[in-house]
Amino acid sequence: MKYLVMVQGTQADYEAMTGKPSANSPAAWSEKDMQAMFAFMGSLNDDLAESGEIVDAQGLAEPAQTRLVDVDKDGRPVITDGPYGETKEVLAGYWVLDCASLDRVTEIAKRIQECPVPEGAPHYPVVIRPIPDADGGEC
């Protein structure tokens with residue numbers, strides 16, 4: 001079974017990762033903090049590759065680099081740059097995993113929660129979504 005495992009963040013979190021604290025993310029990340037996070041994620045991805053469970057994994061660019069394409073009440077396209085106004089948290093990165101069970105992917109999500117962050121940095125839940133088979137069958 002394949003699962004999409006997602007981590008969230010905010011524009012303020014991305015700015016904090018460049019060393020700029022704000023009221024919404026008071027913990028500025030140091031180079032040492034960033035290296036610890038990269039080492040943790042690298043080790044996790046290596047383990048998932050070795051077990052054959054990783055299909056894909058990516059961190060995403062900051063929300064300020066996003067574009068929202070919608071339609072207005074008349075069906076005309078409306079294009080908005082920059083962070084989404086309606087929500088603060090956005091998808092920050094993801095893994096597509098092929099795991100034997102929901103219990104196994106939950107173990108991996110718990111490990112993701114162990115990623116080191118600077119003291120005071122926000123924590124977000126790790127979201128697990130099953131990916132139904134392409135044939136339209138049950139999960």
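The values are calculated or read from the model by the stated rules, or taken from the named source; none is laboratory data. Nothing here was measured: the structure is a model prediction, and the numbers come from that model. Cβ placement follows ideal geometry from the backbone for every residue including glycine, while neighbour counts extend to all protein chains displayed. Remember, those area values only see protein heavy atoms, side chains included, never the ligands or the DNA or RNA. Shrake-Rupley method; radii C 1.70, N 1.55, O 1.52, S 1.80 Å.
Structure data summary
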read-out	value
Segments classed as helices (runs of 4 or more DSSP H), wholly inside the stretch 1-115, with at least 3 members that are of a type in the set (D, E, K, R), at pLDDT 95 or above and on the phi < 0 side of the Ramachandran plot	31-51, 102-112
Criterion: surrounded by 15 or more Cβ atoms within 10 Å (Cβ to Cβ) and closer than 16 Å to V5 by Cα - qualifying residue of V105, V117	V105
Subset of the stretch 16-36 that is under 16 Å from P63 (Cα atoms), out of contact with any strand residue (DSSP E or B) (no Cβ under 9 Å at 6 or more places or on another chain) and not polar (S, T, N, Q) - its residue that is least open to solvent (accessible area, probe 1.4 Å)	A16
Subset of the stretch 120-134 [crowded, with 16+ Cβ neighbours inside 10 Å and part of a loop (DSSP other than H, G, I, E, B)]	A121, P122, V126
Any chance Y94 is within 19 Å of V126 (Cβ to Cβ), touching a residue at least 40 places away in the same chain (Cβ under 8 Å) and touching a Lys or Arg at 6+ places or on another chain (Cβ under 7 Å)	no
Long-range neighbours under 6 Å by Cβ, at least six apart or interchain, first residue touching a residue at least 60 places away in the same chain (Cβ under 8 Å) within the stretch 29-58, second open to solvent by 30 Å² or more (accessible area, probe 1.4 Å) and in a strand (DSSP E or B)	L48/I54
